[in-house]
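First up is the structure itself, then whatever we jot down about it.
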Ligand code: OAD
C-alpha cells in the first residue's frame with residue numbers, strides 16, 4: 001500500500017489519564033502558554049517552568065498506553081509497508097505500547113537539554129533550577145521540550161515522509177498548532193489519502209478526505225483493523 005504517516009496529539013493519551021491542552025479544563029486553561037511554554041517564560045521564572053514539567057513528567061510516568069497506542073504499535077509491526085508515527089506528545093506512551101521509531105516533534109519529558117551547549121541527557125523525575133549540564137557544566141538544564149517560538153524537531157525527515165505518504169492520518173489533535181497543522185496539506189499535495197480520527201471535528205477537518213469521530217480507544221483500533229484486513 002505504500003507509506004502510512006500518522007500524526008498524533010494529546011487526544012490519543014487522554015484516555016490514559018493525561019490532560020489535553022485545549023479541551024474544557026485542559027492545561028492551557030490552567031496555565032498561561034507564555035509563562036510555561038516559551039523560552040522567555042523559562043528565563044523569567046525557571047522554577048515555575050520546572051514545576052509545570054516536573055508535575056507532567058511524574059503524571060506521565062504513571063500513565064499506561066491505551067488501546068489506541070497499542071493498535072498503532074500493532075499496525076507498525078504487522079503492516080507490510082512502512083508506518084511512521086510522528087507525535088506532538090511529550091509522553092512516551094507510543095513507545096510503552098510497543099511502537100518504534102516514534103518522531104517526537106515537540107520533544108519529550110524524558111529528556112533534559114542544556115540551554116548553553118545543546119547537550120541532551122535523561123531527565124531525572126524532578127528537574128531543578130540551576131541543574132548542571134554533565135557536558136559543559138553550565139547550570140542551564142531545561143526540559144527537552146519544544147516551546148512556542150522554537151523549531152520543532154525532525155522537520156526535514158517528517159517532510160520527506162509526508163512527500164512519500166500514500167495515507168496520512170491525524171489522531172487526537174486540534175490542528176491549531178503549526179507546523180503540524182499543515183501536514184495534511186503536504187500529504188494531500190503528495191497524493192496521499194487523508195483521514196482525521198478525533199473526538200470532535202478539528203478546525204481543519206474539512207481538509208481531510210475522511211473524518212472518523214469518537215474516542216481514540218474505539219476508533220483507532222477499528223481503523224487499524226480495517227487497514228490490516230485490506231492490506
Ligand atoms: P489539543 O488539546 O489542542 O487538542 C486535543 C484534541 O484531542 C482535540 O481536538 C480533542 O477533540 C481531541 N480529543 C480529546 N479527547 C479525545 C479522545 N479520547 N479521543 C480522541 N480525540 C480526543 O492538543 P494537541 O492538538 O495535541 O505544543 O496540541 C498541539 C500542541 O499544542 C501540543 O503539542 C502542545 C500544545 O501547545 C507545545 O507545547 C509546543
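The values are calculated or read from the model by the stated rules, or taken from the named source; none is laboratory data. None of these values were measured; they are calculated from a predicted model. Cβ sites come from the backbone with ideal geometry, for glycine too, and all protein chains shown count toward neighbours.
The condition of being within 17 Å of residue 12 (Cα to Cα) and either modelled with pLDDT under 95 or out of contact with any helix residue (DSSP H, G or I) (no Cβ under 6 Å at 6 or more places or on another chain) (or both) holds for only one of 88, 76, 30, that being 76. Pairs are defined by a Cβ separation below 8 Å, a sequence spacing of at least 6 or placement on different chains, a first member in segment 171-182 that is over 11 Å from residue 21 (Cβ atoms), and a second member that is part of a loop (DSSP other than H, G, I, E, B) and more than 6 Å from the ligand (Cβ to nearest atom); the pairs so defined are 175/203; 175/204; 179/152; 180/105; 180/152; 181/175; 181/203; 181/204. Would you confirm, using the coordinates I've provided, whether residue 181 is within 13 Å of the chain's Cα centre (by Cα) and within 16 Å of the ligand (Cβ to nearest atom)? Considered against the rule, which asks whether it is within 13 Å of the chain's Cα centre (by Cα) and within 16 Å of the ligand (Cβ to nearest atom), residue 181 comes out as yes. Residues considered: 42, 21. Of these, the only one that is within 11 Å of the ligand (Cβ to nearest atom) and either within 25 Å of residue 184 (Cβ to Cβ) or part of a helix (DSSP H, G or I) (or both) is 21. Answer yes if at least one residue in segment 24-35 is under 21 Å from residue 87 (Cβ atoms) and touching a residue at least 60 places away in the same chain (Cβ under 8 Å), and no otherwise. Within segment 24-35 (the criterion being under 21 Å from residue 87 (Cβ atoms) and touching a residue at least 60 places away in the same chain (Cβ under 8 Å)), the answer is yes, since at least one residue qualifies.
The residue of segment 185-212 that is surrounded by the fewest Cβ atoms within 10 Å (Cβ to Cβ), among those that are closer than 11 Å to residue 6 by Cα and over 17 Å from the mean Cα position of the chain (by Cα), is 195. The condition (being touching a strand residue (DSSP E or B) at 6+ places or on another chain (Cβ under 7 Å), under 25 Å from residue 181 (Cα atoms) and loosely packed, with under 15 Cβ neighbours inside 10 Å) is satisfied by just one residue among 1, 105: 1.
Yes/no matrix, rows are residues, columns are (1) in the same structural domain as residue 172 (by TED's automatic domain parsing); (2) over 18 Å from residue 200 (Cα atoms); (3) more than 15 Å from the chain's Cα centre (by Cα):
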| residue | (1), (2), (3) |
| --- | --- |
| 31 | no, yes, yes |
| 42 | no, yes, yes |
| 48 | no, yes, yes |
| 51 | no, yes, yes |
| 56 | no, yes, no |
| 72 | yes, yes, no |
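For segment 165-184, the set of residues classified as in a strand (DSSP E or B) and crowded, with 19+ Cβ neighbours inside 10 Å consists of 165, 167, 168, 169, 170, 171, listed by residue number.
Just one of the listed residues (215, 152) is more than 14 Å from residue 6 (Cα to Cα), in contact with a helix residue (DSSP H, G or I) (Cβ under 7 Å, 6 or more places away or on another chain) and within 8 Å of the ligand (Cβ to nearest atom), and it is 215. Residue under question is residue 70, and the condition is that it be at pLDDT 95 or above and closer than 17 Å to residue 198 by Cβ; does it hold? Against the criterion (at pLDDT 95 or above and closer than 17 Å to residue 198 by Cβ), residue 70 does not qualify. For segment 138-156, a tally of residues being closer than 28 Å to residue 211 by Cα and touching a strand residue (DSSP E or B) at 6+ places or on another chain (Cβ under 7 Å) returns 2. Selection of strands (runs of 3 or more DSSP E) fully inside segment 87-146 by the criterion of at least 1 residues being within 16 Å of the ligand (Cβ to nearest atom) returns 102-104, 107-114, 141-145. Selection over segment 4-18 of residues that are more than 8 Å from the ligand (Cβ to nearest atom), surrounded by 24 or more Cβ atoms within 10 Å (Cβ to Cβ) and part of a loop (DSSP other than H, G, I, E, B) gives a count of 0.
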